[in-house]
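Before any comments, here is the structure.
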């Protein structure tokens, strides 16, 4: 459970909150909720997202259910400290797309007394820890893992299964490219994909041998 820090004027340090999970789990929705509460409290808030994320809008951070908040797109994590000067709260969406420098920057901001709220995928489509997220989770005071609902079983989903035929680590997409799956459903889907790929490779090998014979 996430509990916001008790205000202690004697302690001038901030803290880091990480919201993580699979695609369609409500990460951005929860990030926006916390940031809007801070804005309502008249705190100075700045929100950042990677410039590559233009799925819904070039500037707005937008959740899958169309909730949104204005943000500043940045090409690299190094741009954040200057733009965050004088803030009470800093929000960062899609943190997995930033370079490893984001970890040091988040800690530097927290050490200056800023509340840092980070949202991102904890695993990539292969089920591996994604980018700087593991280190952010390790250094954060609060980690909230949210879940989607598995499209195959109806159970809690923590994996982002890629339906699109691409092996690129970064592939921006929505329901046409990804679906949230439970552990069992994800394992079965990955095994099916491996078997399908083996059949394709075998067919290509046979075709290559036939062509060699014709020559």
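A few comments on the model shown:
- Index of the failed condition, residue 170 passing every other in (1) at pLDDT 65 or above; (2) under 24 Å from the mean Cα position of the chain (by Cα): (1)
- Qualifying positions in segment 79-94 - under 21 Å from the mean Cα position of the chain (by Cα) and either assigned to a loop (DSSP other than H, G, I, E, B) or within 19 Å of residue 138 (Cα to Cα) (or both): 84, 90, 91, 92, 93, 94
- Here residue 127 fulfils each of the conditions (1) under 30 Å from residue 186 (Cβ atoms); (2) free of Cβ contacts under 8 Å to residues at least 60 places away in the same chain; (3) surrounded by fewer than 23 Cβ atoms within 10 Å (Cβ to Cβ); (4) touching a helix residue (DSSP H, G or I) at 6+ places or on another chain (Cβ under 8 Å) apart from (2).
- Residue list for segment 95-142, restricted to those being part of a strand (DSSP E or B) and under 25 Å from residue 44 (Cβ atoms): 115, 116, 117, 118, 119, 120, 142
- Taken together, the residues in segment 112-124 that are under 11 Å from the mean Cα position of the chain (by Cα) and buried (at least 23 other Cβ atoms within 10 Å of the Cβ) amount to 4.
- Qualifying residue in segment 99-119 (condition: in contact with a strand residue (DSSP E or B) (Cβ under 7 Å, 6 or more places away or on another chain), more than 12 Å from residue 80 (Cβ to Cβ) and at pLDDT below 95): no
The values are calculated or read from the model by the stated rules, or taken from the named source; none is laboratory data. Remember, it's a predicted structure, so these values are computed and weren't measured experimentally. Please note: Cβ atoms are built from the backbone with ideal geometry, for glycine as well, and neighbour counts cover all protein chains shown.
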